[in-house]
Amino acid sequence: MAGGVNWEEEDPEARLVRNPYLVRVRDLLLEAVDALQLPPNPLDHLVDLCGGPTKVTPTHVKPSFLELFDILCRGATSFTTC
């Protein structure tokens, strides 16, 4: 590419700038999150109780945002899943 940088050919990792201060802040934040000892995700916990992901059929049926909005805000009584 004439007169500029060809970003497609360059390694994306080579463009990263590592700021040691921000890396340390990130590490401290991750430690703080770990220290919270939050309960497990309820759905993951149920899957574990049922024997793990190999024993449970995944569900992919989720209403769209607009359908949920209708249900919660406009009092819709039914919805279709996408």
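The values are calculated or read from the model by the stated rules, or taken from the named source; none is laboratory data. All values reported here derive from a predicted model rather than from experimental measurement. When we count neighbours, we look across all protein chains shown, and the Cβ atoms used for this are built from the backbone with ideal geometry, even at glycine.
Hey, does the stretch 61-77 have a residue that's small (Gly, Ala, Ser) and at pLDDT below 65?
Keep residues of the stretch 61-77 that are small (Gly, Ala, Ser), which gives 64, 75-76.
This time we only want the ones that are at pLDDT below 65, so: 75-76.
Yes - at least one qualifying residue is present in the stretch 61-77.
Looking at Leu22 and the list (1) loosely packed, with under 10 Cβ neighbours inside 10 Å; (2) modelled with pLDDT of 65 or more, which single condition is not satisfied?
(1)
For every residue, the table says whether it meets (1) loosely packed, with under 10 Cβ neighbours inside 10 Å; (2) hydrophobic (A, V, I, L, M, F, W, C); (3) at pLDDT below 90.
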{"residue": "Gly4", "(1), (2), (3)": "yes, no, yes"}
{"residue": "Ala32", "(1), (2), (3)": "yes, yes, no"}
{"residue": "Leu36", "(1), (2), (3)": "yes, yes, no"}
{"residue": "Asn41", "(1), (2), (3)": "no, no, yes"}
{"residue": "His45", "(1), (2), (3)": "no, no, yes"}
